[in-house]
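Structure, as structure tokens:
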């Protein structure tokens, strides 16, 4: 019996093999782990053209129809998370490529949202750097109590963000296209229109699913409404915010700053402004990068492979 070739993509931290015992697959497959990320379609095809199974980490490497058509050996894609919008599932189905998904834990984004918000409010990165350099009490932090938290998208995650905000005695307002005053109240917030959301928020956090309709839902016309003392937090998806408009606003100090975990292009280019602007706190899409989530991801990948491989033995 010949073995399948399995590629594990974008294991940035080189930890895939530490979370689960991959040797249980040794009878059926040879596994290659890639810790770097490729952007170009041609180089991705060149890397993957001989693999029959690809394991992908959520939305790190898009598997478009054009790309999949150039991978004739591909039989199975296993993706972490309950859904992966960067996989053209319809194209995969037409090409008879099976797509399977793992389970998901949603608490990481909630926790990181508050970690980032607290860090920008209290100037934690700057004060830590100042202390390490020998200094002491360099800046004056902002308060949360009595301030207005604006939530763009009061779904399951947004409602949990609102619940935490109550602990800090914040005034919580929310808006989305389908939100009603009744739904907002049930989610722990006060309903306002979009203009008011941007005008009144001291901290505005984005919690929406990326779609054709929601792409760019935070535009230049919205950012100009924000207070010069306000902060924008985005742990959802980069393209929800007009990146160029946000960069312009930050460069001109039209808002106090932004805390960002997601970006239009990931990983960020080395010379990207978000790496350099003093009023930006940026993290490399780590909302779901947690011990418990990775443990679930990689164990579910192996389970999916152990279910699929014995049913598709090669001669």
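Pairs of Cα atoms nearer than 8 Å and 6+ residues apart set the relative contact order; for the chain it is 17 percent.
Taking Kirkwood radius over Cα pairs in Å as calculated from this structure, the corresponding entry among [x] 21.4; [y] 20.2; [z] 24.1 is [x]. If you take the alpha carbon atoms of region 10-58 and fit the smallest convex hull around them, that volume is 87 Å³ per residue. Counting beta carbons within 10 Å around each of 271, 261, 11 and listing the fewest first gives the order 271, 11, 261. Rounded to the nearest angstrom and listed largest first, the equivalent-ellipsoid semi-axes of region 94-173 from its Cα gyration tensor are 35, 21, 9. Among 150-160, 227-237, sorting by the average number of other beta carbon atoms lying within 10 angstrom of each residue, highest first, gives 150-160, 227-237. Cβ-to-Cβ counts within 10 Å put 59, 98, 244, 270 in ascending order as 270, 244, 98, 59, the fewest first.
Measuring between their Cα centroids, region 65-87 and region 172-249 lie 32 Å from each other.
Contact order for region 122-270, expressed relative to its length and based on alpha carbon pairs under 8 Å spaced 6+ residues apart, stands at 18 percent. Mean residue ellipticity, 222 nm, helices only, the chain: the sum of -39500 (n - 2.57) across DSSP H runs of n ≥ 4, divided by residue count and rounded to 500, is -9000 deg cm²/dmol. If you bin all the Cα-Cα distances of region 29-81 at 10 Å, starting from zero, the percentages per bin are 22, 65, 13. Using alpha carbons only, the radius of gyration of region 107-282 set against its Kirkwood radius gives Rg/Rh = 0.96.
Since every read-out is calculated from the coordinates, none of them should be taken as a lab result. Remember, predicted model here, so these are calculated numbers, not experimental data. Cβ atoms come from the backbone with ideal geometry, glycine included; neighbour counts cover every protein chain shown.
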